[in-house]
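The values are calculated or read from the model by the stated rules, or taken from the named source; none is laboratory data. The shown structure was predicted, so the numbers you read here are calculated from the model rather than taken from an experiment. Heads up, the Cβs are rebuilt from the backbone with ideal geometry, glycines too, and the neighbour counts pull from every protein chain shown. With ligands, DNA and RNA removed, areas are computed over all heavy atoms of the protein, side chains included. Shrake-Rupley method; radii C 1.70, N 1.55, O 1.52, S 1.80 Å.
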Amino acid sequence: MDIVVCVKHVPETAEAELKIDSTGKNIEKTGLVYDINEWDDYALEEAVRIKEKQGGTVTAITIGTEDFDSTLRKCLARGADAAIRLTDPKFQGSDAYATAKILHSIIKNLHCDLILCGLQAGDDGSAAVGTILAQLLGVPHATMVKKLELCTGTAKVNRELEGGLEEILEIKLPALFAVSTGINEPRYVSIMGIRKAMQKEIKVLGLADTGLTEAYVGEAGSWLKTEKLYVPPVEKQAEFLKGTPDEVATKIAELLKSRGLI
Amino acid sequence: MTAIFVLAEHRQGIIRDITYEMLTKAHEIAQKTNTELTAVILGKSAKEKAKPLTEYAQKVLIIEDQKLENFTSDAYQKVLSTLIKEHKPLLTLIGHTSYGIDLAPRLATELNIPLATDCIDLAFEGGTFTVTRQMYGGKVNTTATARKAQSYMATIRQAAFQPQKPQPPANGQIIEQPSPLTEEAATKRFIEYVLPPPGGVDITAADKLVGIGRGIKDQANMPQMEEFAKTIGAVLACSRPIVDKGWLSNDRQVGSSGKTVKPKLYIALGISGAFQHVLGMKNSDLIIAINKDPNAPIFSFSDYGVVEDLFKIVPALKNKINELKIQK
Ligand SMILES: Cc1cc2nc3c(=O)[nH]c(=O)nc-3n(C[C@H](O)[C@H](O)[C@H](O)COP(=O)(O)OP(=O)(O)OC[C@H]3O[C@@H](n4cnc5c(N)ncnc54)[C@H](O)[C@@H]3O)c2cc1C
Ligand SMILES: Nc1ncnc2c1ncn2[C@@H]1O[C@H](COP(=O)(O)O)[C@@H](O)[C@H]1O
C-alpha cells in the first residue's frame, strides 16, 4: 500500500500571546514554536502503522518554506520513506482551494492507494483542503475518521458525528481520508531518530514543477482573500479573581459556599 | 428572483438545531439582498419534516429518495449540484458539522463556487461576499472576502447564531423536485450508526463538574485532579485531548463530539476554550476558569476567571474547602 500524507507545519498558539503584525493580515510569527499540525501527526502515524502491517511506502508532502523541513524530518524519523516540500513565493496567500490545487498537481502523478490528511489545520482551521483535494483527484473520501480498517479494495471507516455518535462507511480505494485526533497514539521520536533522518533527502519543488500557472496559486488562485486579523471582541468577560493563590482560593471557596455549592 | 439556499440537516428523524440557526441568519441576508430564502431538505421521507421549515423560509425544496435515507456526502453532492446548477442561488449555507465538513468543500469544488468554511458571520458588503472566521483556536478573528462569482457557499459554525422564528411566520411554499439519483452510490456506502458504549459515567447528570484540559500537562497529575474533584464533590470531566491521550474515557468528554452539560458549577482547569469545547459547557450555571494565559478564549465564556498556574490554585483551593468542611 503506497500512502501519501499531507502535513502542515503550524505554530503552537494555545499558550502563546498572539499579536497582529504590521500588515494586519497575519500574526507576529517571531518567538512562536512550530511543530507538525496536531491532526497531521495522527495521519502520519496511521500511515506508518499501515505500512508496518502491510508493506508499501509513505510519502509526506507539505507546501511551505524551508522551516517546514523540520516537520518533514519528523515524519521521516517516524517512518516516512520520502518527503516532498512544495515552495514558491507565488504560493503565498493560498487559501484551502489553492492549497489543494497545488497538492493535487503533484499527488496526481504519484502512485498511491491512499491519501491521508488531517481533519483540519490548527492555524486556519478550514477543515477543507483534504476534501477539495479528493474532488480534484476524483477519489472518494471521508472526513472525521476515527477508525480505519483496510480490506481488499475497500476501507471500513468510522466517522465521528456529534455527541459521541459514529457512523460506519464502506469506501472504495484509492481514497482520501481526513483523520481526527485520537485515531491512534502517535509514537515518540527521539532526537537521535530525528538526527538520523537528517541524512534523508527532502525533495523540493517549485511552481514550475506543478505545471500550474500563477493564476492558480496564491491569492490569485484562491476563493478567499484575508482582509484583516483582529483580536475577537469580548462579549462577556469573566470577573477576574486576583491575589496570591491562597487569597484566590479563599475567594473561590466563599463564592461556592455562598451559592450553596459546598 | 434568485435565492439563498439553506441545507436542512437532519439525522435519525430529527432536524438539527444548526438548520434553524442558519435559517435565522439567512433570513436577514435574504431581506438585505432581496432574495428568496429557500430551505432545502433531502431524505427518504423529507416531506414529513418540511412543516417547521415553512415557518422560516419562503420556499421549501424537497427531494425525496429512498437512496437518501442516511446522509452520505456523495449522494448529497449529486443532488445539490443539480439543484444549484438549476436554481443558481446567490448563496448556499451548510452547517459546519460532521455532515457539512464532508460535503461542502467537495461540492464547491465541483461547481467552482467560492467557499468559506466555519463562518461565524457573513454579509454582502457593497456586493462583496464577506465572512468572519476564527483562527488559532479562537484567539484571532479574521475577515475575508470571496472572489467575485455568481454564487457563493459557506459552512456555518454551530451556535454562531441564535435561532429566531420570523414574525409573522414565513408560511413557505412546499415544492417537490424529483431526485436526480439514478443508482446506488458505488464508491461510498453507509453501513450503520454506532452509539457510544453504554455504562460509564454520566457527566450530564452531575451537579458539579471539574473539567480538565491539556494544561494539566502529564498523566501523573491525574490523581491530584481526581482528588480535587472529590473534595468539592464534583465529577471529573475533560476536554478532548485528555480523551485522545487515553487519560480519561470518552464518556467524560465535554464538547461538540462529546457531551453537552449544564451543571450548577463547571470549573475549567487548563482548558483554552476552543469553540468545540465551549459548545458543550457554556450553559452551565456558574463557570470558573483557571488558566495561566490571560487571553485564553475560555475567559469570555466564564463568570469568574483566575489567571494563574492551576497547580498553585488547585492545592490551595482544596485546602480551603477542607477547612470549611471542618468548620461545619
Ligand atoms: C470536529 C472537532 C470536534 C471536536 N470536539 C471536541 C470536543 O467535543 N471537546 C473538546 O474539548 N474539544 C473538541 N475538539 C478539539 C478542540 O478544537 C480543541 O483542540 C480542544 O478543546 C483543546 O483542548 P484544551 O483546551 O484542553 O487544550 P489547549 O487548547 O491546548 O489548551 C490548554 C490550555 O491550558 C493552559 N495551561 C497550560 N498550562 C497551564 C497551567 N499550568 N495552569 C493553567 N493553565 C495552563 C494553556 O494556557 C491553554 O489555554 C474538537 C475539534 C474538532 C476539529
Ligand atoms: N500547506 C499545506 N501543506 C500540506 N498539507 C496541508 C497544507 N495545508 C493543509 N494541509 C492538509 O489539509 C488538512 C486540512 O487543512 P485545512 O483545510 O487548512 O484546515 C491538514 O490537516 C493537512 O493534512
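The table for this structure:
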item	result
Euclidean distance of C-alpha centroids, segment B:251-328 and segment B:130-209, integer Å	27 Å
Check: chain A dipole with +1 on Lys, Arg Cβ and -1 on Asp, Glu Cβ, in debye	420 debye
Cα-based helix-to-principal-axis angle, A:38-54 vs chain A, degrees rounded to 10	40 degrees
For segment B:143-269: Kirkwood Rh in Å [reciprocal of mean 1/r, alpha carbons]	19.4 Å
Distance (nanometres) between label positions extended 7 Å along Cα→Cβ at B:Asp218 and A:Lys196	2.7 nm
Value in Å of the Kirkwood radius, where segment B:87-188 supplies the Cα pairs that are averaged	15.8 Å
Average beta carbon contacts from partner chains per residue of B:280-287, 10 Å cutoff	1
DSSP-loop chymotrypsin sites (Phe, Trp or Tyr not before Pro) across segment A:164-262, with at most 14 other Cβ within 10 angstrom	A:Tyr188
Segment B:1-127, relative contact order in percent, only Cα pairs under 8 angstrom and at least six apart counted	28 percent
Cα-based convex hull volume of the protein assembly as shown per residue, rounded to whole Å³	161 Å³
Lys/Arg +1, Asp/Glu -1 at C-beta; segment A:35-175 dipole; positive extreme among A:Thr57, A:Ile132, A:Thr71	A:Thr57
Over 24 Å (Cα to Cα) - which of A:Lys53/A:Lys172; A:Lys74/A:Lys156; B:Lys25/B:Lys67; A:Lys51/A:Lys172 fall in this group	A:Lys74/A:Lys156; B:Lys25/B:Lys67
Ranked packing of A:127-133, A:115-121, B:115-121, A:189-195, most packed first, by mean Cβ within 10 Å	A:127-133, A:115-121, B:115-121, A:189-195
Cα pair distances in segment A:85-196, grouped into 5 Å bins until the bin that holds the longest one, percent each	2, 11, 18, 20, 18, 16, 10, 5, 1
Considering only the protein assembly as shown, percent of DSSP beta bridges that pair antiparallel, nearest 5	35 percent
Principal axis dimensions, segment B:203-327 - Cα atoms, whole angstrom, descending	41, 28, 27
Label-point separation, A:Thr244 to A:Glu185 (7 Å along Cα→Cβ), nm	4.1 nm
Total lysine pairs whose alpha carbons fall under 21 Å of each other in segment B:133-249 (8 or more apart, or interchain)	4
Estimated Rh, chain B: Kirkwood, alpha-carbon pairs, angstrom	21.8 Å
Folded to 0 to 90 degrees: helix B:17-33 orientation relative to chain B principal axis, Cα	50 degrees
Enclosed volume per residue, in Å³, of the convex hull spanned by Cα atoms of segment A:2-216	135 Å³
Helix axis angle, A:69-78 relative to chain A longest principal axis, alpha carbon, degrees	80 degrees
Delta accessible area of at least 40 Å² on complex formation, residues of segment B:137-152, 1.4 Å probe, chain isolated as reference	B:Lys139, B:Val140, B:Asn141, B:Thr143, B:Thr145, B:Arg147
Charge context of A:Val248, other residues only, Cβ under 10 angstrom, K/R +1, D/E -1	+1
Tail beyond 27 Å, pair distance distribution of segment B:3-176 (Cα, percent)	18 percent
Highest average packing first - B:262-272, B:4-14, A:49-59, Cβ atoms within 10 Å	B:262-272, B:4-14, A:49-59
Segment A:19-69, accessible surface, carbon-and-sulfur percent (1.4 angstrom probe)	47 percent
Chain B - percent relative contact order, Cα under 8 Å, separation 6 or more	14 percent
10 Å Cβ neighbours from other chains, averaged over peptide B:294-301	4
Interface B:A - total buried accessible surface [probe 1.4 Å, Å², rounded to 100]	7500 Å²
Accessible area expressed per residue, segment B:165-322, with surrounding protein chains retained (probe 1.4 Å, Å²)	44 Å²
